[in-house]
1. Using +1 at the Cβ of each Lys and Arg and -1 at the Cβ of each Asp and Glu in chain A, identify which of A:L3, A:V145, A:Y113 lies farthest towards the dipole's positive end.
2. At R0 = 25 Å, how high is the FRET efficiency between A:E74 and B:N19 if r is their beta carbon distance? Nearest 0.05 is fine.
3. To one decimal place, what orientation-averaged projected area in nm² is obtained for the convex hull of the Cα set of chain A?
4. When the dipole is taken about the Cα centre of the protein assembly as shown, and only Lys, Arg (+1) and Asp, Glu (-1) are charged at their Cβ, what size is it in debye, to the nearest 20?
5. Compute the distribution of all C-alpha to C-alpha distances in the protein assembly as shown, in bins of 10 Å from 0, and list the percent of pairs in each, rounded to whole numbers.
6. Mind jotting down the distance between the C-alpha centroids of segment B:231-308 and segment B:102-179, whole Å?
7. Can you work out the base-10 log of I(q)/I(0) for segment B:77-149 at q = 0.12, 0.14, 0.20, 0.25 1/Å, using the Debye formula on its C-alpha atoms alone?
8. Order by neighbour count: A:M197, C:M112, A:M294, fewest other Cβ atoms within 10 Å first, most last.
Amino acid sequence: MSLPDVLITILKVLVIVLAAPLLALVLVYVERKTLGRIQRRMGPWHVGPMGLLQTLADAVKLLTKEVLTPERAEPWAYWIAPIVVFVPGIFVLVVIPFTPELVVSRLDLSLLYVFALPAVSVVGFIMAGWGSGSKYALLGGIRLVAQAVSYEIPLLFSVLGVAILAGSLSLIDIVNAQGDTVWYGVVQPVAFVIFIMAGLAEHSRTPFDMAVGESEVMGGPTIEYSGIRWAMFMLAEYVNIFILASLGTIIFLGGWHGPVLPGWVWYLLKTTPILLFVFWLRGTLPRLRVDQLMGFCWKVLIPLSLLNVVVAATFKVYGWGPTVPMVIASLLAAYWFYRREWLRVVAVPARDPVPVPVPAPAAAE
Amino acid sequence: MAEATSGRSDQNAEFMEINMGPQHPSTHGVCRLELAVDGEVVLSCRPEIGYLHRGVEKIAENLTVIQLPVITDRADYLSALNTELGVVLAAEQLYEVAVPERGEYIRVIMAELNRIANHMMFYGALGTDAGFSSPFIFGWWNREIIHDVFEEVTGARMLHNYIALGGVKQDVPPNFKDSVKKILPRLADGLDRCHGLLTDNEIFVARTKGLNPLTPEEALRLGITGPSLRATGLARDLRRLAPYSIYDRFEFEVPVGTVGDVHDRYMMRLLEMRESLRIIEQALEGMPDGEYRGEIPRRLRYPVGEAYSRTESPRGELGIYIVGNGQNTAHRVKIRAPAFVHVSAMEELLKGTYIADAVLIFASMDIVLGEADR
Amino acid sequence: MRGIFRSFKETLSSSAMAPVTEMYPYEPARMTPRSRGAPGLLWNDDVDEIVCTGCRACARECPDKCIFVSLESYSGDVTERKTMVDEFYLDLALCSYCGICVDVCPYEAIEMTPEFAYSSTDVLSMVLDKGELVQIARGMSRTTVNPPNSPGAPKPLTAVETPEPAPAEDEGDA
């Protein structure tokens, strides 16, 4: 590697590091506007044109706020946790191919890399939960770790099929493979749905946000954080959502491929609907309970994602012929699982209405 | 697990003690629940109230009958008109004041509007506790519509001081009938939207169906009244059983549930809003012209004696007990607040539930701490 | 799944509706004629003096005891009254906007105005004197409630005590 190459790489990394907060600012703005729209509110509108600078103002406020450390905190864990949570997101951004040219590092094992690194941030959350010295933070941390670890399995299985189809673990190769044939989202629709669901659960988003649910654990592991450190959790969350949408685009929707328009436009056109859908979910769905969430993962998502791997292998070996029935079969299986296991309602035998007690004349007053 | 909340340290115990509240967002005010939890399961719960205690009953002993609604408004601030109605009914028994027809109709319309506003608030709070903020805002559009009418009629949005001895304080504005008729379809539409957002949502159903079912016997033993009691299948509505004011003139159903779980309690409120809309429609039809306030004695000293009124507030059975002793101010004013009883029922209801469910059960009883603490 | 789709439909249709937000600080707040804000003292143009005679019915009936009235002897020739209101203080920090003072006033001299934006960091500045109370009520008239003699209006509420005539006042005012 010559010196200019090194310099260019450093420059690219710097751009990514600076772009991540900017990205989060934009996403927070979009989310607030979307929620406002759903709820017939305005959303941010006061700072800057159409409120565009509102999140920037919030960021400035957070930066200037006092950083508090609770008396009972474990200082080291408490201090490091935001960094451990935030940094993997930036690391992942490095290998995401936005267009064939716009990628910092062309890692051959990037598919493995983008799922291995965020697992580190789970450690950050348990550090935050434990280190805060707060019971709510601990509860949230436990919940988050439980769900993040469980949901990693269907998440990985769902992209395993794609890796089989593409025959590569490089994100760039995966996108290129889709350019030749058809989007993997078409071949593997169940995998795509599982990917989005498991991704939402992994990053603790609605409707799987019981780890940070305000009405139960009041923000979970981040409850005691303030100022810049809290902002880092926030940044990490939105960077992760963006990464989720990006990976969905790259793995299942053919990345930058598309007719006429340049690659980055197609990329945005495919990423934005996923992001909006994620925000839309937040305004539409209640939260699941912890046991429902875990049951959903182990009883529905994992069997389905395994089945999906089989579908992918069939396609790889035998081509379209047997795959179409397999896709249909996997959709049917998904429906069956949904009927059988998903959100099972506890049955309480209904009683007949109790006859109304006749009011005594005195009671009638 | 009786010792779980005995106050000793949980350092070496099998459980963890959690203070839910008084600043917790889903304790609906400033209630504090001392939970002993084993992981996610609540072993025992001890509700602590008093953070909003203002001594409403004691203050009421120093107020004249004209001033009385001012302070009782502050007890149950979400359905102030219903509380006013109860207070004034008790006072009218004491003073033996007759209320003109028009006054009664205005009272019923306002009280039922307030019932809808209160249930909309319940809807929003339960939805928010279930995990997302949209129901809150959905409920509040409808609440705002009603509050706008309230402001036109009474001059205030929440604390009205409108229903007064012998009728109501001011006649309704001339366009009252039109403006209420105009909002009724909007409220019905808003109610449909609320239904659409939450009622059938599978996640919400899975969260609430079969959660914390109650039998009528258990509910009565715990002193639960109102929609939460009717959810168990017992059609005990004072508007029907012991009709006060002119509620015996209207046609309305008393919705009852089947199993008394959280979803039933939720449905009771939403179904009741429909019935309230029906009552308001009928009352608007039948509202006569004429006096809105009857003759009231010039000297407003409390007669010697006592009076008790029980009314169906949106939360349950509201009892107001006034003892007069010939002075300007009452000897004793006692409020039997449904929310207070419901808070005390939490100790049994929350045992053995998940933390996430505890929040929903708490919300499903529709507790207003202003009323519980008084 | 059907219920979830219905939720999605509901949020979609609500996002197509116009926002209900009121731009309050940028647009004036919507007030109704009866909106109860700060109480104000009405002005009698005939005698160029406040309507209030200083009978203290409001001060007596106020549940918060936030009104203070004192009288001074008067010997001018505008009216035949012997006394005039000297000081009239109303503590808005105590006031609960119940409107009882308006109800009990036998002379319709006090009125709830729609004025509400007067918060301050200085508690003492919330105590309004006579001049400020008149200033608040400028332009108000008693058209918002039933005039005392209209059909359907009750007899004006009186104080709890025997409605003794206000100290040395006579009927020479509005």
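1. A:V145
2. Working from the Cβ atoms, E equals 0.75.
3. 27.3 nm²
4. Roughly 3120 debye, rounded to the nearest 20.
5. 2, 11, 18, 20, 17, 13, 9, 5, 3, 1, 0, 0
6. Each part's Cα centre sits 14 Å from the other's.
7. -0.42, -0.53, -0.82, -1.05
8. Ranked by crowding around the Cβ, least crowded first: A:M294, A:M197, C:M112.
Each value in this text was obtained by applying a stated rule to the coordinates, not by laboratory testing. The shown structure was predicted, so the numbers you read here are calculated from the model rather than taken from an experiment. Because the Cβ atoms are built from the backbone with ideal geometry, glycine has one as well, and the counts that use them run over all protein chains shown.
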